[in-house]
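Participant: One structure coming up, written as structure tokens, with questions to follow.
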Amino acid sequence: MTQAKTAYQKPIPLKDIDNAPYWDAADKHQLALQKCDDCNAYSQPPGPTCAKCGSENVSWEQFGDDIKATVYSYVVSYRPFLPGFQDELPTIIALAQLDKVPEVKIMGNILNCEEKDLEIGMPIQMTWVDITEDRALPQWIPATN
Ligand SMILES: [Zn+2]
């Protein structure tokens with residue numbers, strides 16, 4: 001089997017029983033978060049039980065595709081730490097604090113952003129990069145409004 005030159009070379013996030021709803025939503029360019037039915041805490045990344053109280057009564061809340069956040073912290077990477085990233089250096093990797101759910105922070109790259117324009121607290125919004133025909137990766141871009 002030969003692989004097309006344009007094939008996505010980076011690792012594709014694996015779906016498992018705990019995180020499948022998160023990635024299923026991402027593949028549709030939406031955000032879903034796991035929430036505890038007992039203590040109302042969100043778990044991100046998701047797990048088999050609530051990260052806060054250990055309850056197994058967890059469900060999923062859909063947040064749609066309009067996801068605003070601010071930069072909580074970031075690192076700028078000048079060397080590829082995984083295969084497939086070498087053409088995109090430097091890479092800005094940020095921890096994004098969600099506007100609607102400030103206790104939830106989601107890690108992702110900030111695209112379309114120069115390092116000099118980057119600052120803690122800057123508004124960003126979620127975007128989704130289609131990496132295969134049916135998979136998409138949540139990332140961040142500077143907020144447009
Ligand atoms: Zn809980």
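Participant: What about TYR42, is it away from the ligand (no atom under 16 Å from the Cβ), buried (at least 17 other Cβ atoms within 10 Å of the Cβ) and among the hydroxyl-bearing types (Ser, Thr, Tyr)?
Facilitator: No.
Participant: Is it the case that region 96-118 has a residue that's free of Cβ contacts under 8 Å to residues at least 24 places away in the same chain, more than 12 Å from the chain's Cα centre (by Cα) and within 22 Å of ALA20 (Cβ to Cβ)?
Facilitator: no
Participant: Restricting to region 80-95, name every residue that is under 18 Å from GLN125 (Cα atoms) and either touching a helix residue (DSSP H, G or I) at 6+ places or on another chain (Cβ under 7 Å) or without any contact (Cβ under 8 Å) to a residue 24 or more places away in the chain (or both).
Facilitator: Selection gives THR91, ILE92, ILE93.
Participant: Being over 23 Å from PRO13 (Cβ atoms) and in contact (Cβ under 8 Å) with a residue 24 or more places away in the chain is the requirement here; does GLY121 meet it?
Facilitator: Numbers: over 23 Å from PRO13 (Cβ atoms): yes; in contact (Cβ under 8 Å) with a residue 24 or more places away in the chain: yes.
The answer is yes for GLY121.
Participant: Follow-up. Can you go through SER73, SER77, SER59 and tell me which one is under 19 Å from TRP140 (Cα atoms), of a type in the set (Ser, Thr, Tyr) and touching a residue at least 24 places away in the same chain (Cβ under 8 Å)?
Facilitator: SER73
Participant: What number of residues within region 22-38 satisfy the criterion of being over 13 Å from the mean Cα position of the chain (by Cα) and either surrounded by 13 or more Cβ atoms within 10 Å (Cβ to Cβ) or away from the ligand (no atom under 16 Å from the Cβ) (or both)? Walk me through how you get there before you give the answer.
Facilitator: As a first pass, look at region 22-38 and keep what is over 13 Å from the mean Cα position of the chain (by Cα): 28, 34-38.
Keeping just the survivors that are either surrounded by 13 or more Cβ atoms within 10 Å (Cβ to Cβ) or away from the ligand (no atom under 16 Å from the Cβ) (or both) gives 28, 34-36, 38.
The number of residues fulfilling the criteria is 5.
Participant: In region 124-145, what residues are surrounded by fewer than 17 Cβ atoms within 10 Å (Cβ to Cβ), touching a residue at least 60 places away in the same chain (Cβ under 8 Å) and touching a Ser or Thr at 6+ places or on another chain (Cβ under 8 Å)?
Facilitator: none
Conditions (1) of a type in the set (D, E, K, R); (2) at pLDDT 95 or above; (3) within 16 Å of the ligand (Cβ to nearest atom), marked per residue:
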site: CYS53; (1), (2), (3): no, yes, yes
site: ASN57; (1), (2), (3): no, yes, yes
site: TYR72; (1), (2), (3): no, yes, no
site: TYR78; (1), (2), (3): no, no, no
site: LEU89; (1), (2), (3): no, no, no
site: LYS100; (1), (2), (3): yes, yes, no
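Participant: Something else: Just to be sure before I move on: is PHE85 more than 16 Å from the ligand (Cβ to nearest atom) and either surrounded by fewer than 11 Cβ atoms within 10 Å (Cβ to Cβ) or modelled with pLDDT under 95 (or both) in the structure I sent?
Facilitator: Considered against the rule, which asks whether it is more than 16 Å from the ligand (Cβ to nearest atom) and either surrounded by fewer than 11 Cβ atoms within 10 Å (Cβ to Cβ) or modelled with pLDDT under 95 (or both), PHE85 comes out as yes.
The values are calculated or read from the model by the stated rules, or taken from the named source; none is laboratory data. Keep in mind the model is a prediction, meaning the values are calculated, not measured. Neighbour counts run over all protein chains shown; Cβ positions are idealised from the backbone, glycine included.
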